[in-house]
1. For the chain, give the magnitude of the charge dipole about the Cα centre (Cβ charges: +1 Lys/Arg, -1 Asp/Glu; no others), in debye to the nearest 20.
2. Pairing the Cα long axis of helix 242-253 with the longest principal axis of the chain, what angle in degrees results, from 0 to 90 and rounded to the nearest 10?
3. Quick one: compute a quarter of the convex hull surface over the Cα atoms of the range 214-315 and quote it in nm².
4. Once you've got the GNM for the chain with C-alpha springs shorter than 10 Å, pick whichever of D120, D227, D166 has the biggest mean-square fluctuation.
5. Taking only DSSP H segments of four or more residues, each worth -39500 (n - 2.57), what value at 222 nm results for the chain once the sum is divided by all its residues, to the nearest 500 deg cm²/dmol?
6. Relative to the longest principal axis of the chain, what angle (0 to 90°, nearest 10) does the C-alpha long axis of helix 257-275 take?
7. Accessible area of the chain with a 1.4 Å probe: how many percent of it is carbon plus sulfur?
8. Which cross-chain or sequence-distant (5 or more) residues have an amide H under 5 Å from the amide H of A141, H modelled 1.01 Å from N in plane?
Amino acid sequence: MLSNVAVPLLDTVHPFELGVLCEVFGLDRSDDGMPVYDFAVVSAEGPTLSTHAGFTITTPHGLERLEEADLIAVPTGGSYPTRGYPEELLAALRRAVDRGARVLSVCSGAFVLGAAGLLDDRRCTTHWRYSAALARRFPRAVIDPDVLYVDAGPVVTSAGTAAAIDACLHILRQEHGPEVANYISRRMVVPPHRDGGQAQYITHPLPRSRCDTVAGTLDWMERHLRDDITVDQLAERAHMSPRTFARRFLQETGTTPYRWLLRQRVLKAQELLESTDETMDVIADHCGFGNAAALRHHFLRTLDTTPNAYRRTFRGDPGVKDGGRRATV
């Protein structure tokens with residue numbers, strides 16, 4: 001049973017993600033019958049640490065405090081994707097996993113776990129903006145860039161910001177059951193459960209840097225999303241045979257023309273749902289889905305949510321302003 005939680009900090013730590021860990025694991029809710037943790041914030045780089053917001057944090061705890069933790073949670077920081085990490089911290093993380101403790105990373109905190117070797121041959125995630133950098137730095141990591149969090153045995157990795165809450169509630173649900181997780185989610189006024197497989201809201205998921213041969217074709221596809229497009233048409237525009245074009249497309253984008261086009265259509269639908277009041281049929285036609293039913297089908301398969309739910313998430317319910325949506329009590 002989880003009882004001891006430690007949070008190691010490095011310079012330029014992000015206060016929000018640190019605050020999530022403090023809120024979930026560091027707040028005494030014993031009066032409400034909730035579990036209480038022996039919780040500590042630990043410095044990996046001296047007694048005073050900077051934050052990206054311009055203030056400092058001090059703590060009396062050093063890295064030795066990690067040796068007794070059942071869970072070590074690593075928040076994100078401004079320079080985490082590119083900096084080096086103290087070997088003492090990395091060794092402590094490895095020892096924790098070896099003795100059966102769990103480790104959790106938030107957003108770019110995954111880079112710390114990668115440096116410790118804990119992502120080698122292990123499925124993991126991070127914020128979608130850092131997925132490519134994580135893959136380059138730790139090529140043995142099995143990265144799923146689309147999901148909110150991944151539970152891979154003793155190693156739990158989460159995407160950015162709010163996904164940290166989902167991962168923490170997932171751990172509570174595993175350790176203490178749904179009643180505890182649901183109660184704490186109500187206290188935090190957040191949804192009690194978003195499955196880790198739910199998609200991150202990514203703006204541009206497919207890199208273009210390697211698309212030397214098909215770059216012009218990709219630009220044309222983006223301008224003609226509402227048209228019926230075939231591989232034969234695309235191959236003709238690229239002056240290749242369909243077979244050669246399909247092979248080159250896969251090499252340079254990592255996906256097929258159909259999947260690339262489908263993802264771009266979903267992205268366009270996201271943009272229109274966020275910024276316009278157009279009906280679902282109009283949006284579906286504009287994005288090349290043809291009708292609202294097809295839009296809903298592909299949107300749900302790609303993002304694990306419906307177009308209407310997505311619009312409500314980003315724009316709020318009609319007539320409900322200034323945070324007026326009722327909390328779950």
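The values are calculated or read from the model by the stated rules, or taken from the named source; none is laboratory data. Quick caveat: nothing in here was measured; it's all calculated off a predicted structure. Reconstructed Cβ throughout: ideal geometry from the backbone, glycine too, with neighbour counts over all protein chains shown. Keep in mind that these areas ignore ligands, DNA and RNA; they rest on the heavy atoms of the full protein, side chains included. Shrake-Rupley method; radii C 1.70, N 1.55, O 1.52, S 1.80 Å.
1. Using only the charged Cβ atoms, the result is roughly 880 debye.
2. 30 degrees
3. Mean projected area for the range 214-315: 6.3 nm², to one decimal.
4. In the Gaussian network model the winner is D227.
5. -12500 deg cm²/dmol
6. Once rounded, the angle reads 70 degrees.
7. For the chain, the apolar C and S fraction of the accessible surface comes to 50 percent.
8. Placed amide hydrogens put D121 under 5 Å from A141.
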